[in-house]
2 protein chains.
Amino acid sequence: MVQVRVEVRLKKGVTDPEGDNVQKALTLLGFKGLRAVHSSKLFLIDLATKDPKAAQKQAEEMCRRLLANPVIHDYSIRVEK
Amino acid sequence: MVQVRVEVRLKKGVTDPEGDNVQKALTLLGFKGLRAVHSSKLFLIDLATKDPKAAQKQAEEMCRRLLANPVIHDYSIRVEK
(Lines give C-alpha, C1' and ligand atoms only; values in the text may rest on other atoms or scores of the structure.)
Protein backbone atom coordinates (compact mmCIF):
# COMPACT_ATOMS: atom_id res chain seq x y z
CA MET A 1 0.00 0.00 0.00
CA VAL A 2 1.20 3.52 -0.71
CA GLN A 3 -0.05 6.79 0.68
CA VAL A 4 -0.34 9.75 -1.66
CA ARG A 5 -0.36 13.33 -0.38
CA VAL A 6 -2.27 15.64 -2.69
CA GLU A 7 -2.03 19.35 -1.94
CA VAL A 8 -4.59 21.53 -3.71
CA ARG A 9 -3.94 25.26 -3.41
CA LEU A 10 -5.33 28.37 -5.05
CA LYS A 11 -3.39 29.83 -7.97
CA LYS A 12 -1.58 33.09 -7.44
CA GLY A 13 -3.96 35.99 -7.89
CA VAL A 14 -7.06 34.01 -6.95
CA THR A 15 -8.81 35.51 -3.93
CA ASP A 16 -8.37 33.42 -0.79
CA PRO A 17 -11.14 34.58 1.59
CA GLU A 18 -10.36 31.88 4.15
CA GLY A 19 -6.69 32.85 4.29
CA ASP A 20 -7.58 36.55 4.49
CA ASN A 21 -10.02 35.97 7.32
CA VAL A 22 -7.58 33.81 9.26
CA GLN A 23 -5.03 36.60 8.92
CA LYS A 24 -7.53 39.18 10.18
CA ALA A 25 -8.56 36.96 13.10
CA LEU A 26 -4.94 36.30 14.10
CA THR A 27 -4.21 40.04 13.97
CA LEU A 28 -7.26 40.73 16.13
CA LEU A 29 -5.97 38.13 18.60
CA GLY A 30 -2.80 40.19 18.92
CA PHE A 31 -0.33 38.28 16.72
CA LYS A 32 2.31 40.60 15.23
CA GLY A 33 4.37 40.42 12.05
CA LEU A 34 1.88 38.49 9.91
CA ARG A 35 2.72 39.06 6.26
CA ALA A 36 0.25 36.68 4.63
CA VAL A 37 -1.86 33.61 5.27
CA HIS A 38 -2.76 31.16 2.50
CA SER A 39 -5.18 28.30 3.00
CA SER A 40 -5.16 25.10 1.04
CA LYS A 41 -6.52 21.56 1.09
CA LEU A 42 -4.64 18.37 1.67
CA PHE A 43 -5.88 14.91 0.76
CA LEU A 44 -4.17 11.80 2.07
CA ILE A 45 -5.11 8.92 -0.18
CA ASP A 46 -4.28 5.30 0.65
CA LEU A 47 -3.98 3.21 -2.49
CA ALA A 48 -3.79 -0.58 -2.72
CA THR A 49 -1.06 -0.51 -5.37
CA LYS A 50 2.58 -0.93 -4.36
CA ASP A 51 3.98 0.80 -7.45
CA PRO A 52 4.83 4.47 -6.70
CA LYS A 53 4.72 5.41 -10.40
CA ALA A 54 1.26 3.95 -10.88
CA ALA A 55 0.11 5.73 -7.70
CA GLN A 56 1.48 9.05 -8.97
CA LYS A 57 -0.29 8.61 -12.30
CA GLN A 58 -3.56 7.65 -10.62
CA ALA A 59 -3.36 10.65 -8.27
CA GLU A 60 -2.76 12.99 -11.20
CA GLU A 61 -5.88 11.68 -12.90
CA MET A 62 -7.83 12.13 -9.63
CA CYS A 63 -6.74 15.76 -9.50
CA ARG A 64 -7.73 16.38 -13.10
CA ARG A 65 -11.10 14.68 -12.75
CA LEU A 66 -12.21 15.59 -9.22
CA LEU A 67 -9.90 17.14 -6.66
CA ALA A 68 -8.75 20.31 -8.40
CA ASN A 69 -10.41 22.92 -10.56
CA PRO A 70 -7.84 23.87 -13.22
CA VAL A 71 -9.23 27.40 -13.48
CA ILE A 72 -8.34 28.30 -9.90
CA HIS A 73 -6.20 25.50 -8.44
CA ASP A 74 -2.64 24.26 -8.63
CA TYR A 75 -1.84 20.87 -7.16
CA SER A 76 1.16 18.88 -6.12
CA ILE A 77 1.40 15.16 -5.50
CA ARG A 78 3.84 13.30 -3.28
CA VAL A 79 3.90 9.53 -3.00
CA GLU A 80 4.96 8.31 0.45
CA LYS A 81 6.00 4.94 1.90
CA MET B 1 10.88 36.35 6.62
CA VAL B 2 9.98 32.74 7.32
CA GLN B 3 7.12 30.68 6.01
CA VAL B 4 5.36 28.32 8.39
CA ARG B 5 3.35 25.35 7.16
CA VAL B 6 0.59 24.41 9.58
CA GLU B 7 -1.25 21.18 8.87
CA VAL B 8 -4.51 20.70 10.77
CA ARG B 9 -6.00 17.22 10.50
CA LEU B 10 -8.78 15.34 12.21
CA LYS B 11 -7.82 13.04 15.08
CA LYS B 12 -8.10 9.32 14.52
CA GLY B 13 -11.66 8.16 15.09
CA VAL B 14 -13.22 11.52 14.25
CA THR B 15 -15.63 11.24 11.32
CA ASP B 16 -14.26 12.79 8.13
CA PRO B 17 -17.30 13.33 5.88
CA GLU B 18 -15.30 15.22 3.27
CA GLY B 19 -12.74 12.41 2.98
CA ASP B 20 -15.50 9.79 2.86
CA ASN B 21 -17.36 11.64 0.13
CA VAL B 22 -14.21 12.16 -1.94
CA GLN B 23 -13.57 8.43 -1.67
CA LYS B 24 -17.14 7.65 -2.79
CA ALA B 25 -16.90 10.10 -5.70
CA LEU B 26 -13.55 8.70 -6.85
CA THR B 27 -14.96 5.16 -6.70
CA LEU B 28 -17.98 6.26 -8.74
CA LEU B 29 -15.59 7.78 -11.30
CA GLY B 30 -14.06 4.33 -11.71
CA PHE B 31 -10.87 4.56 -9.65
CA LYS B 32 -9.85 1.17 -8.23
CA GLY B 33 -7.90 0.18 -5.14
CA LEU B 34 -8.84 3.12 -2.92
CA ARG B 35 -8.32 2.11 0.71
CA ALA B 36 -9.02 5.46 2.41
CA VAL B 37 -9.14 9.19 1.81
CA HIS B 38 -8.46 11.69 4.59
CA SER B 39 -8.96 15.41 4.15
CA SER B 40 -7.11 18.07 6.09
CA LYS B 41 -6.35 21.78 6.07
CA LEU B 42 -3.05 23.44 5.35
CA PHE B 43 -2.19 27.02 6.26
CA LEU B 44 0.89 28.72 4.85
CA ILE B 45 1.74 31.63 7.10
CA ASP B 46 4.36 34.24 6.20
CA LEU B 47 5.88 35.78 9.31
CA ALA B 48 8.12 38.85 9.47
CA THR B 49 10.46 37.28 12.04
CA LYS B 50 13.72 35.68 10.88
CA ASP B 51 14.06 33.42 13.91
CA PRO B 52 12.74 29.89 13.19
CA LYS B 53 12.32 29.12 16.89
CA ALA B 54 10.21 32.23 17.48
CA ALA B 55 8.16 31.38 14.37
CA GLN B 56 7.56 27.84 15.63
CA LYS B 57 6.44 29.14 19.02
CA GLN B 58 4.16 31.74 17.44
CA ALA B 59 2.60 29.13 15.13
CA GLU B 60 1.96 26.81 18.07
CA GLU B 61 0.11 29.58 19.87
CA MET B 62 -1.89 30.30 16.68
CA CYS B 63 -2.95 26.65 16.56
CA ARG B 64 -3.96 26.65 20.22
CA ARG B 65 -5.89 29.89 19.97
CA LEU B 66 -7.47 29.78 16.52
CA LEU B 67 -6.47 27.24 13.89
CA ALA B 68 -7.15 23.93 15.61
CA ASN B 69 -9.87 22.61 17.88
CA PRO B 70 -8.11 20.38 20.42
CA VAL B 71 -11.19 18.18 20.80
CA ILE B 72 -11.07 16.97 17.19
CA HIS B 73 -7.82 18.19 15.62
CA ASP B 74 -4.14 17.31 15.64
CA TYR B 75 -1.70 19.72 14.09
CA SER B 76 1.87 19.77 12.89
CA ILE B 77 4.05 22.79 12.23
CA ARG B 78 7.03 23.06 9.89
CA VAL B 79 9.09 26.20 9.58
CA GLU B 80 10.51 26.71 6.07
CA LYS B 81 13.13 29.00 4.51
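The values are calculated or read from the model by the stated rules, or taken from the named source; none is laboratory data. Given the structure is predicted, the values throughout are model-derived calculations rather than measurements. Methodologically, a virtual Cβ is constructed for each residue, glycine included, from the backbone with ideal geometry; neighbour enumeration extends over all protein chains shown. For the accessible areas, the whole protein counts, side chains as well, though only heavy atoms, and no ligand, DNA or RNA atoms are used. Shrake-Rupley method; radii C 1.70, N 1.55, O 1.52, S 1.80 Å.
Say we look at the range B:57-76 and pick out the residues that are over 17 Å from residue A:29 (Cβ atoms) and open to solvent by less than 60 Å² (accessible area, probe 1.4 Å); which of these is farthest from the other protein chains (Cβ to nearest Cβ)? If you could, list the steps in order and put the result at the bottom.
From the range B:57-76, those over 17 Å from residue A:29 (Cβ atoms) are B:71-74, B:76; that's our starting set.
Filter once more, keeping what is open to solvent by less than 60 Å² (accessible area, probe 1.4 Å): B:72-73, B:76.
Values: B:72: 16, B:73: 13, B:76: 11 Å.
Per the stated criteria, the residue is B:72.
Among the residues of the range B:26-75, count how many are among the hydrophobic types (A, V, I, L, M, F, W, C) and in contact (Cβ under 8 Å) with a residue 60 or more places away in the chain.
Taking the range B:26-75 as the starting set, the residues that turn out to be among the hydrophobic types (A, V, I, L, M, F, W, C) are B:26, B:28-29, B:31, B:34, B:36-37, B:42-45, B:47-48, B:54-55, B:59, B:62-63, B:66-68, B:71-72.
Checking which are in contact (Cβ under 8 Å) with a residue 60 or more places away in the chain leaves us with B:67-68, B:72.
Going through the range B:26-75 one residue at a time, the tally reaches 3.
Scan (1) closer than 18 Å to residue A:23 by Cβ; (2) among the aliphatic types (A, V, I, L, M); (3) within 9 Å of chain A (Cβ to nearest Cβ) for the single condition residue B:26 breaks and write down its number.
(1)
Being among the aliphatic types (A, V, I, L, M), buried (at least 16 other Cβ atoms within 10 Å of the Cβ) and more than 28 Å from residue B:45 (Cα to Cα) is the filter here, so list the residues in the range B:1-33 that pass it. If you could, list the steps in order and put the result at the bottom.
Going residue by residue through the range B:1-33, those that are among the aliphatic types (A, V, I, L, M) are B:1-2, B:4, B:6, B:8, B:10, B:14, B:22, B:25-26, B:28-29.
Still in the running and buried (at least 16 other Cβ atoms within 10 Å of the Cβ): B:2, B:4, B:6, B:8, B:10, B:22, B:26.
Result: B:26, single match.
Tell me, please, whether a residue that is more than 11 Å from every other protein chain (Cβ to nearest Cβ) and over 15 Å from residue B:30 (Cβ atoms) can be found in the range A:34-54.
At the first step, the residues of the range A:34-54 found to be more than 11 Å from every other protein chain (Cβ to nearest Cβ) are A:52-53.
Now narrow it down to the ones that are over 15 Å from residue B:30 (Cβ atoms): A:52-53.
Looking for residues that are more than 11 Å from every other protein chain (Cβ to nearest Cβ) and over 15 Å from residue B:30 (Cβ atoms), one finds at least one in the range A:34-54, hence yes.
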